[in-house]
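Here is the structure we will look at, set down as structure tokens.
The values are calculated or read from the model by the stated rules, or taken from the named source; none is laboratory data. Note that the structure is a prediction, hence the values are computed from the model and not measured. When we count neighbours, we look across all protein chains shown, and the Cβ atoms used for this are built from the backbone with ideal geometry, even at glycine. Protein only, heavy atoms only, side chains kept; ligands, DNA and RNA dropped before computing areas. Shrake-Rupley method; radii C 1.70, N 1.55, O 1.52, S 1.80 Å.
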Amino acid sequence: MATHIVIIGAGPAGVNTVETYRAFDWQSEITVLSAEPHPPYSPPAMVDHFLTGSDAHLWRGVDWPHRMGVDYRSGVTITSIEPSSHRIRTQTSETLDYDQLVIATGSRLYAPLEGAEMPGVYNFKSLSAAESLVKRVKSGEAHTALIVGAGFIGMEIALLLCELGVQVTQIEMLDQVMPAMLDAQTAAFAQKNMRQRGVDVRLNTKARRFTGDGRAEGVELESGLVLRGDILIAATGVRPNLDFLEGSGIAHRWGITVNDHLLTSVPEIYAVGDVIETPDKLTGESFVHAILPNAMEQGRVVGLNLAGIDTRYEGAERMNSLKHLDLPIIAVGLKQGDEVLRTRLGDGYRTLYLQEDRLVGYQLIGDIRAAGALRTLLNRGENIHKIKDRLLEPTFGQGSLAWAAIEGYS
Ligand SMILES: Cc1cc2nc3c(=O)[nH]c(=O)nc-3n(C[C@H](O)[C@H](O)[C@H](O)COP(=O)(O)OP(=O)(O)OC[C@H]3O[C@@H](n4cnc5c(N)ncnc54)[C@H](O)[C@@H]3O)c2cc1C
């Protein structure tokens, strides 16, 4: 039966919901809304876009709405959801009725620092935000930058600004870069590489507030010292976009809570991507995972459920990568276990974390060809005692050898 599906958000989660659904049905009307004035884009490709001028970030093409038979409305912000009347409301008080609703509103900058709301504090969390940052740099007004935070978005910004000729200082309150994903050794490697690029990375350096009178001018540290930069950037984390939930009855904690079909607590309303909390595949712990492969998979699951194909979500993965260093880095799963296997490969490393003979995490620097095979092993969660020594062989992960090893033991 044809229905009207409304999707709030045109990031990877919303886009993949549509593409999956359209594989099964072209009768239903689909409306996709985005608060931003852009065609659908992929945030991980923004750095390449600004470095090369390519349209890599417009990954599905500007004709995507037409090809998908979608009524695409950009620059429309949803401010409330009224489930009793199956209606949503925009910032201009227009209303739109839905039969099925998908919340795919992603996440935004989380900067729990006094003064972070002031003009003059930039971020890179959306294409619009990144454009205004890069515009400031390209105008020639900013020769120095101060970045608060060395998580993966902060690292991407630092590398981009270096390439654009800006002298970058980056502060991180913890004792390593990318603390959420990288183990200490991989982090030290990444940091050394950043320093070689000219980024002044300062660890154990905690920001207290942005200073300035109406416009941010510097960052005061816990030590009392004030650091300045022509451009000040917050890269302190992300939080789900869910302001519009008030009064809707949709349950949420830090992110929206969903069941194993990614349905919210309200019938006919699904939620996907960075805006939801989902159980971790490895630990079962529920939190906002905020990475692209999870957003894509969740979009796929909801697209199938909307099409009437009953599909459970198996849980989220943890992974991250940095490709703009001299050597690529991939970190997947946990960064601890009861056994650590490590080998040097060329200029890089392969580190594996095992728990009771099961692969629970790995970090690759340089030669990342084993990533696919290791991911398969990790997701299978089976006992790998018989093959674990082979996982350190340089050739493991290359073509048929890896698959022979995996298939051979199962
Ligand atoms: C610089 C950068 C680099 C990244 N690199 C990687 C990487 O290398 N690997 C990786 O796995 N992940 C990476 N990520 C994370 C990844 O981009 C996100 O996990 C992914 O984009 C989440 O998709 P989403 O569709 O849930 O949300 P988003 O991509 O955030 O899209 C949200 C959409 O909702 C819209 N929206 C929000 N609020 C409203 C509203 N009230 N009304 C209407 N529309 C609204 C927005 O305009 C947007 O269209 C990166 C993110 C950034 C910012």
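Tabulated data
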read-out: Filter pass, HIS289 being within 16 Å of the ligand (Cβ to nearest atom), within 30 Å of GLN170 (Cβ to Cβ) and either under 21 Å from the mean Cα position of the chain (by Cα) or in contact (Cβ under 8 Å) with a residue 24 or more places away in the chain (or both); value: yes
read-out: Filter result (touching an Asp or Glu at 6+ places or on another chain (Cβ under 9 Å) and either among the hydrophobic types (A, V, I, L, M, F, W, C) or within 9 Å of the ligand (Cβ to nearest atom) (or both)) within the stretch 241-271; value: ASN241, TRP254, ILE256, VAL258
read-out: Residue identified as surrounded by fewer than 16 Cβ atoms within 10 Å (Cβ to Cβ) and of a type in the set (A, V, I, L, M, F, W, C) among ALA251, ALA295, ALA290; value: ALA251
read-out: Subset of the stretch 53-70 [open to solvent by 60 Å² or more (accessible area, probe 1.4 Å) and either within 14 Å of the ligand (Cβ to nearest atom) or within 22 Å of ASN320 (Cβ to Cβ) (or both)]; value: TRP59, ARG60
read-out: Selection within the stretch 298-311 - open to solvent by 40 Å² or more (accessible area, probe 1.4 Å), assigned to a loop (DSSP other than H, G, I, E, B) and not β-branched (Val, Ile, Thr); value: GLY308, ASP310
read-out: First in the stretch 105-133 and near the ligand (Cβ under 8 Å from one of its atoms) and hydroxyl-bearing (Ser, Thr, Tyr), second anywhere and open to solvent by less than 20 Å² (accessible area, probe 1.4 Å) and assigned to a loop (DSSP other than H, G, I, E, B), Cβ under 6 Å, 6 or more apart; value: THR105/GLY9
read-out: Filtered residue count, the stretch 32-43, keeping only those that are buried (at least 17 other Cβ atoms within 10 Å of the Cβ) and either modelled with pLDDT under 95 or more than 19 Å from the chain's Cα centre (by Cα) (or both); value: 2
read-out: Pairs where the first residue, in the stretch 41-65, is closer than 17 Å to LEU164 by Cβ and the second is open to solvent by 70 Å² or more (accessible area, probe 1.4 Å) and assigned to a helix (DSSP H, G or I), C-beta under 7 Å, 6+ apart; value: LEU51/GLU163
